[in-house]
Amino acid sequence: MRKSQSRASLALAAALLTACSTAPPGPCPICPTAAGVSPATPQAAARPLQAARWNDLPGWGEDDLAAAWPAFLQSCRGLASRPQWPQWKAVCDEARGLAEPSTAVVRRFFESRLQPWLLTNPDGTTSGLMTGYYEPLLHGSRTRGKPYLQPVLGVPPDLLTIDLGTLLPELKNQRLRGRLQGNKVVPYYSRAEITSREAEHADRVLLYVDDPVELFFLQVQGSGRVRLADGTVVRLLYADQNGHPYQSIGRVLVDRGELTLEQASMAGIKQWAKANPNRVSELLNSNPSYVFFREQPAKGNDGPNGALGVPLLPERSVAVDPAYTPLGAPVFLSTSQPDSAKPLRRLVLAQDTGSAIRGAVRADLFWGFGPQAGHQAGRMRQQGQMWLLLPPGLAPK
């Protein structure tokens, strides 16, 4: 027993050290202080939620709230099942009794049952990055052969996931990935290492696709559909990730002077790849993050399931950082259309997460399926504000 506990302690210590070595800039609550160095006096961070009024929400009175109602009912499947949130159960039970309510009815319902809270960054600012994602269509095969040479991998059996929230409650929703090396937990293989060890992952291949850049963006989006050579369409959903931080390849090209910031969109990166086919692998491997998938039959026009476990609704579902915004909650978004000053102000539902979606004021809007959705998602990189809608009693202390 002592020996197994000792091994567990070694593994845990290694995992925590891994967290510190890969932690983003800023204070790390689990990282040891360097010997002889006193930590800097922390600055008081702003509260992430600030009380607001309904008339503080720009465009609240103009949004077609009924268009978001189906997504809200889907969210209720997750919200009402959580015993720690009885307030949501009461709200959702009442919502299910409203049959196809009008926008006016939905507005009265939310205003009488919920309260708005302005999401706020630690430095007190209330503006953050708003991006977009979509469900792409790729072309693939169950067997390898030209042009289908790029493997789509399922979760490897040696990938470990450590939930830090089971050790420290304040680290809820924080996870580490790694692998065992002897009795130590070490970082899992990077993208470059995974792609170079392809033969070792042969038994984890779900299928093969024809374009490494499209596969890369499938990993960025987190889900997509693949049309196989026989015409069958399957859906790939995010299953896990290798634990390495995401590095934007667009930013890499900008830093190298090969693209301007305006050109570093999804379309611009694809154009660069076509012009530089021999450099594509090196560019993709500059992002050490790697996503593994699971397969699901594609049924009708339903969106893919997000992290909440319910289908995403185009233009009404967003990915958020669950450390600040609880999954399932309604959020009012105030930003602008992609590459435009035209306002985009609407009620959305927090139904998904993403490894690049970090921070209190941060959202990734789901645009839907296909090329047009991809065009919108690829151009969206706006600033915006977010209001979290909560039942009375769930207000922050």
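The values are calculated or read from the model by the stated rules, or taken from the named source; none is laboratory data. This is a predicted model, so every value here is computed, not measured. Here the Cβ is made from the backbone with ideal geometry for all residues, glycine too, and neighbour counts use every protein chain on show.
Quick notes
- Boolean, residue 267 is surrounded by fewer than 18 Cβ atoms within 10 Å (Cβ to Cβ), among the hydrophobic types (A, V, I, L, M, F, W, C) and touching a His at 6+ places or on another chain (Cβ under 8 Å): yes
- Within segment 368-397, considering residues that are charged (D, E, K, R) and outside any strand (DSSP E or B), the one surrounded by the most Cβ atoms within 10 Å (Cβ to Cβ): 379
- Residue list for segment 289-314, filter: among the hydroxyl-bearing types (Ser, Thr, Tyr) and buried (at least 20 other Cβ atoms within 10 Å of the Cβ): 290
- Test: residue in segment 195-202 that is in the same structural domain as residue 269 (by TED's automatic domain parsing), of a type in the set (A, V, I, L, M, F, W, C) and buried (at least 16 other Cβ atoms within 10 Å of the Cβ): no
- Boolean, residue 286 is among the polar types (S, T, N, Q), within 30 Å of residue 64 (Cα to Cα), surrounded by 15 or more Cβ atoms within 10 Å (Cβ to Cβ) and modelled with pLDDT of 95 or more: no
- Scanning segment 70-96 for residues that are hydrophobic (A, V, I, L, M, F, W, C) and in contact with a Leu (Cβ under 8 Å, 6 or more places away or on another chain) yields 71, 72, 85, 88, 91, 92, 95.
- Within segment 102-114, the presence of a residue that is within 30 Å of residue 239 (Cβ to Cβ) and surrounded by fewer than 18 Cβ atoms within 10 Å (Cβ to Cβ) is excluded.
- Applying the set (1) at pLDDT 95 or above; (2) among the β-branched types (Val, Ile, Thr); (3) outside any helix (DSSP H, G or I); (4) surrounded by fewer than 21 Cβ atoms within 10 Å (Cβ to Cβ) to residue 357 leaves exactly one unmet item: (1).
- Residues within segment 122-178 that are part of a helix (DSSP H, G or I) and of a type in the set (A, V, I, L, M, F, W, C), tallied: 2
- Restricting segment 63-100 to residues that are in a loop (DSSP other than H, G, I, E, B) and modelled with pLDDT of 95 or more leaves a set whose member that is surrounded by the most Cβ atoms within 10 Å (Cβ to Cβ) is 63.
- Complete set of residues in segment 155-180 that are among the charged types (D, E, K, R) and modelled with pLDDT under 85: 163, 170, 172, 175
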